[in-house]
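Right, one structure below, let's go through it.
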Amino acid sequence: MASTIGNIGKIPELRKRILFTLLCLAVYRVGVFITTPGVNRAEMKNFISSGGSGSFLGLFNMFSGGALEQLSLFALGIMPYVSASIILQLLTVVVPTLERLSKEGEQGRRKINQYTRYGCVLISAVQSFFIATWLEGLGRGGAFGFSGAEVVVNPGWGFRLLTMISLTTGTAFIMWLGEQITERGIGNGISLIIFAGIVCDLPDAIAKLWSIQKTGDVSSLGILFIVALIVAVIATITFFERGHRRIPIQYAKRLVGRKVYGGQSTHLPLKINSAGVIPPIFASSILLFPAQIANMIDAPWMHQVAAVLQPGDWRYDFIYVLLIIFFCYFYTAVTFNPVDVADNLKKNNASIPGIRPGKKTAEFIDRVLTRITFAGALYISAICILPSLLQSKLNVPFYFGGTGLLIVVGVALDTVQQIESHLITRQYEGFTGPKGPRIRGRAVARPR
């Protein structure tokens, strides 16, 4: 492992990509502490802290990397971009024009990405307006009845417009940082930004857990149980993220001149969780947007909606699980087409033993993929729901819930796979050594 880490510094391109990624993440973390003009930062932090880490505001604060409690320029985080991406992907299925764009290759994808950016700016403007009006009500007996001092120094339309411009610009800048990391860094820019936001509060979460243990609110046995639970969840996530179903592939022999080519056997690996960390991110983003608006409008019926969309409520958990299952199937269908795979196998004189090439092969792959995707959806749902249930039962600040752990472990595995690909391409050993298994990423087919 030490020699492998040393090999990273021997590749100039990889070294530059890693340093560029770290620089972008450092810029993001610095921006988290730049407070929006006209906001009392101390009172805002007190208000978010009083809600607890398991509340809606605590969940929103986690995805924004702690920017909400600072009410910084990055308070909206990257979630508006994720929401816009979800909307565009859903529209791609039902709008013929967008569907044609998605099939036009790189040029079409750039056009869709541009539409996603426009949608991100629009959603950010709407959310920032509701945040501005919500902040003006805090400390004055507003929707939450916060008894502290006023969060906004000079309320009014001037503050609202300034907040809309500041927060929308901050989200656009984060979006640009994520795209730069994807293109010029190590890759997975948006996921890495979410990863950095979650991991940065790990020391604070450990300190809180230790202070609770010293006060006697949680026994030492309870602390050991929580640590064991975290380790078990991480091990489960790692096992399922690397698990896959192998479909045997047989290549037919071909006679070229006097030589016979082909005839070898290989396999098509189908991951149990083909969608990766996308389903919980998408599901959380879908629930955070209406929950944010419901929490910021002082109306009786909106209070009922806010109660339903509160993390820990059984109705929230039920909707969350349904959305995770839906996005597992939806994202798998978007990224993996059994018909195309069957056609490529047929063109290369390959087939699945016992299955006829063409339509029958596509149906077989689709049937297998549907079954393992259902198992993967159940696994993700259990990981995301179980820790929140235990948190409500144990009454401790279990900051790294299932969603956070899944994102952290999944993004870490993907990042290691990206680095290992660079090492292997340049004939260096990977992280697992020359004889060990390679870290498997999101690919669904092994190159021959």
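Each reported figure results from applying straightforward, stated rules to the coordinates on display, with no laboratory input. Predicted, not measured: the structure shown is a model, and the values here were computed from it. Note that each Cβ is placed from the backbone with ideal geometry, even for glycine, and that neighbours are counted across all protein chains shown.
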Can you list the residues, at least 5 places off or on another chain, whose amide H is less than 5 Å from the amide H of Lys271, using H built in the peptide plane? Arg245
So what J values fall out for the range 417-422 if you push phi through Karplus, 6.51 cos²θ - 1.76 cosθ + 1.60 with θ = phi - 60°, rounded to Hz, Gly and Pro as x? 5, 5, 5, 5, 4, 5
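If r is the Cβ-Cβ distance from Phe239 to Asn344 and R0 is 25 Å, what FRET efficiency results, to the nearest 0.05?
Values: r = 30 Å, r/R0 = 1.19.
Calculated transfer efficiency: 0.25.
Determine the alpha carbon to alpha carbon distance for each of Lys45/Lys271; Lys103/Lys360; Lys271/Lys346; Lys271/Lys360; Lys45/Lys214; Lys103/Lys271 and list only those over 30 Å.
Lys45/Lys271
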Among 412-423, 357-368, how do they line up from the highest to the lowest mean number of other beta-carbon atoms within 10 Å? 412-423, 357-368
Determine, from the Cβ-Cβ distance of Val126 and Ala232 and an R0 of 56 Å, the FRET efficiency 1/(1 + (r/R0)^6), rounded to the nearest 0.05. 0.90
Ordering of 319-330, 164-175 by packing [mean C-beta count within 10 Å, highest first]: 164-175, 319-330
Residues Phe240, Phe282, sorted so that the one with the fewest Cβ neighbours within 10 Å comes first: Phe240, Phe282
